[in-house]
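The values are calculated or read from the model by the stated rules, or taken from the named source; none is laboratory data. Since the structure is predicted, the reported quantities are computational estimates derived from the model, not experimental observations. Please note: Cβ atoms are built from the backbone with ideal geometry, for glycine as well, and neighbour counts cover all protein chains shown.
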Amino acid sequence: MKRFFLTFFILFAFGSALFADQQADNKLFFAVQAMNVEKARNAIKAGANVNGLDDDDWPYFITAVSGGNINMIDVFLRNGVKINISGPDGKTALMHAISSKNKKVINLLLNYRASLTAKDRTGKNVLMYAAEVGDLELVNKTLKAKVNPLDADDKGMNALNYAMAGRNKQIIKMLGQYETQPHDFIIAVETGNVAKARGLLKKGIDPNLKNESGEPPLFVAIRNNDKAMLKLLLENNADVNFKNSKGYTILMYCIASNKIKLAQELLKNGALGDFNFKYAKGRTALMIAILSKERRFIRSISKFRQDFNITDDAGKTALMYATEMELGDVVKELLEKGADKSIVGKDGRTALDIAEDKDLAYISMLLRK
């Protein structure tokens, strides 16, 4: 008998709690319908579900947003409502606010990180909604959020189509620049058509657009020894520090391919790489630069943090390379950077031995200090 009463009591308590919550939900529903902020706040305190739905499966929050009452919306947001909750049509609160052209509500929702990449049930995204109502500021924000302007909804309409329906000339012009096939740009870079590539870049094509092999335009330009294309891409903020699947940067590829002039252009534009990496014959970027005897190239490499005492496959250091190439100023700079003049190569010679064998008086003097 005691067990029966205990079970009855638990079920009664549970049922009472459910009933209380349901009552609170009903109070919240009616408060939202009446746009009574105080009653909505009290209903939530009493346990109402801020993510609750009405009998037609419309979230109370969506109703609040559609009503445009900032204070009511704020009550939901402060109580942890799911910011991207959607109704039966798949439209988020932000989409409803955009359709209502309510900038205050839009900005409030964005402050709470409403999704700029969401889509409704028809595939219509936030960018399309913004373009349709002529919201230039929001169009810019969605594009910065990497929403693809070429995406189409179930009707086959993209953001530009919606902008044209809304007749906003600024947005039409902005989105019109994306109506270019990316393949055109890839072909222009591969074939060295600088004029075509420049025109497409002006229209807003991504300067880092990869080809089918995953190669960015900069890599293609370097592979083709196309300095003009390289310059154009750099002027348009192409990523100079792209890494392939093995972790090699474009600069490292450039150096490995002995494309010295192109490597210099990359370095001028902030390119980075592993300056302790060993290329063919165990040579570092600095050793390769010294072999080129291009002093600007040498200085642009030597300024980076690296191990100046790395040896190649023959046991030679950058200091030995500089000595062999008779570059006294480079020898002096390397010594100042801490290069070890006592290292012995596999041929049994130090940098000083090399200098003396070549009768290099100035370099020998530097190495004797």
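Identify, please: which residue in region 301-341 is of a type in the set (Lys, Arg) and surrounded by fewer than 24 Cβ atoms within 10 Å (Cβ to Cβ) and is, among those, nearest to Asp274 (Cα to Cα)? If we take residues in region 301-341 being of a type in the set (Lys, Arg) and surrounded by fewer than 24 Cβ atoms within 10 Å (Cβ to Cβ), then Arg305 is nearest to Asp274 (Cα to Cα).
Among the residues of region 262-292, those identified as more than 13 Å from Asn241 (Cβ to Cβ), in contact with a helix residue (DSSP H, G or I) (Cβ under 6 Å, 6 or more places away or on another chain), among the hydrophobic types (A, V, I, L, M, F, W, C) and not in a loop (DSSP other than H, G, I, E, B) are Leu262, Ala263, Ala285, Leu286, Met287, Ile288, Ala289, Ile290.
All conditions but one from (1) surrounded by fewer than 22 Cβ atoms within 10 Å (Cβ to Cβ); (2) among the β-branched types (Val, Ile, Thr); (3) under 26 Å from Ala238 (Cβ atoms) apply to Thr350; the one that does not is (3). For the structure I just gave you, tell me whether Ser342 is more than 20 Å from Asp307 (Cα to Cα) and among the hydroxyl-bearing types (Ser, Thr, Tyr). Taking the combined requirement at face value, the residue does not satisfy it.
Of all residues in region 285-335, those satisfying the criterion of being under 19 Å from Gly345 (Cα atoms) and either of a type in the set (Phe, Trp, Tyr) or in contact (Cβ under 8 Å) with a residue 60 or more places away in the chain (or both) are Phe308, Tyr321.
Does Val126 qualify as being modelled with pLDDT of 95 or more and among the hydrophobic types (A, V, I, L, M, F, W, C)? Yes: the conditions hold for Val126. Cβ-Cβ contacts under 7 Å between residues 6 or more apart (or on different chains), taken from a first residue in region 103-124 that is closer than 15 Å to Ala145 by Cβ and assigned by TED's automatic domain parsing to the domain that holds Val75 to a second residue that is among the charged types (D, E, K, R) and assigned to a loop (DSSP other than H, G, I, E, B), are absent. Can you tell me which residues in region 217-233 are of a type in the set (A, V, I, L, M, F, W, C) and surrounded by fewer than 20 Cβ atoms within 10 Å (Cβ to Cβ)? If the condition is that a residue be of a type in the set (A, V, I, L, M, F, W, C) and surrounded by fewer than 20 Cβ atoms within 10 Å (Cβ to Cβ), then Ala228 is the only one that fits.
Let's see how each residue does on (1) within 24 Å of Met128 (Cα to Cα); (2) at pLDDT below 95:
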{"site": "Val50", "(1), (2)": "no, yes"}
{"site": "Asn84", "(1), (2)": "yes, no"}
{"site": "Gly87", "(1), (2)": "yes, yes"}
{"site": "Thr92", "(1), (2)": "yes, no"}
{"site": "Met95", "(1), (2)": "yes, no"}
{"site": "Lys103", "(1), (2)": "yes, no"}
{"site": "Leu108", "(1), (2)": "yes, no"}
